[in-house]
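These notes are about the structure you will find just below.
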Amino acid sequence: VGGHPKPQDGPMKVAGVKRIIAIGSGKGGVGKSTVSSNLAVALAKQGKKVGLLDADIYGPSQPRMMGIQKRPASPDGKTIIPLHSHGVTLMSIGFMLDPDKAVVWRGPMLMGALQQMLTQVQWGELDVLLVDLPPGTGDVQLTLCQKTELTGAVIVSTPQDVALLDARKALDMFKTLKTPVLGMIENMSTYICPNCSHEEQIFGHGGVAEEAKKLGVPLLGALPIDLDTRLAGDAGTPVAAGTGSVADAYARMAQGFIQ
Ligand code: ADP
């Protein structure tokens, strides 16, 4: 953003945070934010200290999905005290904005907001900070990968070809930026009718598993299309906070997620 890179422009760490893992997707609407919030809650339930940074600057969903919307305090006027919900330490640009107003920002403002949320928030001691990225391969992803010491990135996709096509692009971007891809997650992989138990492959099935195999990255989990997942997200209590087969699936995914 103008000027020459200075030595301090190298990848930065966030004090007290052991791992930073970005969660990305090629396309929007594949469930990246849903998976991020549920994974965070599942990790917290297993006793991990988890932070969730909602970096989806244009459409922050975490205030709604995590069921909390208020302006975080800044007693010293410099640092920000994050919020807490379902055992997760949380920061979202959505806490600072009017939820009904569109964000019309240029690149440099985006970078500023992202860096502030990383460095000026009092994250405290965390085993992992999950970063819910905007979809695609734009400025936010670039800044985050280049300026932050990321442990790696996870890509969420549906099994549908159009989503996979874009997921491949996201994967390619992370490779170019030398951010390790830790794995892929298949969301909306199957639908089981609650009335007759018939299983329907609405967006196809197994496409992400195949793609992950082809690309040589692990498949970290597969999650069904599930009405409770959607209802729970809208109600601000992620499905992983409760019990049932989807909560179990998130618990299994969380188990091996960080060592
Ligand atoms: P993204 O972050 O990729 O844009 P979201 O997480 O906002 O996607 O999800 C888009 C919509 O799909 C939301 O309404 C969400 O509740 C719903 N959704 C996501 N995953 C599932 C799922 N596995 N089953 C049912 N609905 C889901």
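FYI, it's all coordinate maths here, none of it is from the lab. The structure presented is a predicted model; accordingly, all values stated were derived computationally and were not measured. So basically every Cβ, Gly included, is an ideal-geometry build from the backbone, and we count neighbours across all protein chains shown.
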Note on the chain, DSSP bridge orientation, antiparallel percent to nearest 5 equals 15 percent
Quick one: compute the contact order of the chain, relative version, from alpha carbon pairs under 8 angstrom and 6+ residues apart, as a percent. 27 percent
Per DSSP, the loop-located trypsin sites (Lys or Arg not before Pro) within the stretch 66-167 having at most 12 other beta carbons within 10 Å are LYS70, LYS78, LYS101, ARG106
Mean residue ellipticity (222 nm) of the chain, computed from DSSP H runs ≥ 4 via -39,500 (n - 2.57), nearest 500: -10000 deg cm²/dmol
Cβ-Cβ FRET estimate between GLU149 and HIS198, R0 fixed at 51 Å, reported to 0.05: 0.60
Residues meeting the amide H criterion for GLY152 (H placed from the backbone, H to H distance under 5 Å, 5 or more places apart or on another chain) are ILE20, ALA22
Pairs to check: LYS49/LYS178; LYS18/LYS169; LYS18/LYS48; LYS27/LYS178. Give those whose C-alpha atoms are more than 23 Å from each other in this structure. LYS49/LYS178; LYS18/LYS169
Mean separation of Cα pairs under 8 Å and 6+ residues apart, divided by the residue count of the stretch 63-109: what relative contact order is that in percent? 32 percent
Given H placed 1.01 Å from N in the peptide plane, which residues other than close sequence neighbours of TRP123 have an amide H under 5 Å from its amide H? none
Mind checking which of SER61, ILE23, PRO75 is farthest towards the positive end of the chain's charge dipole, using Cβ charges of +1 (Lys, Arg) and -1 (Asp, Glu) about the Cα centre? PRO75
Once the piece of chain linking ALA235 and LYS18 is laid out straight, how much longer is it, given 0.36 nm per residue of separation minus the C-alpha distance between them? 75.1 nm
Placed amide H near LEU90: partners under 5 Å, 5+ positions off or other chain: LEU52, LEU83, HIS84, SER85
To the nearest 20 debye, what is the magnitude of the charge dipole of the chain about its Cα centre, counting +1 on the Cβ of each Lys and Arg and -1 on the Cβ of each Asp and Glu? 780 debye
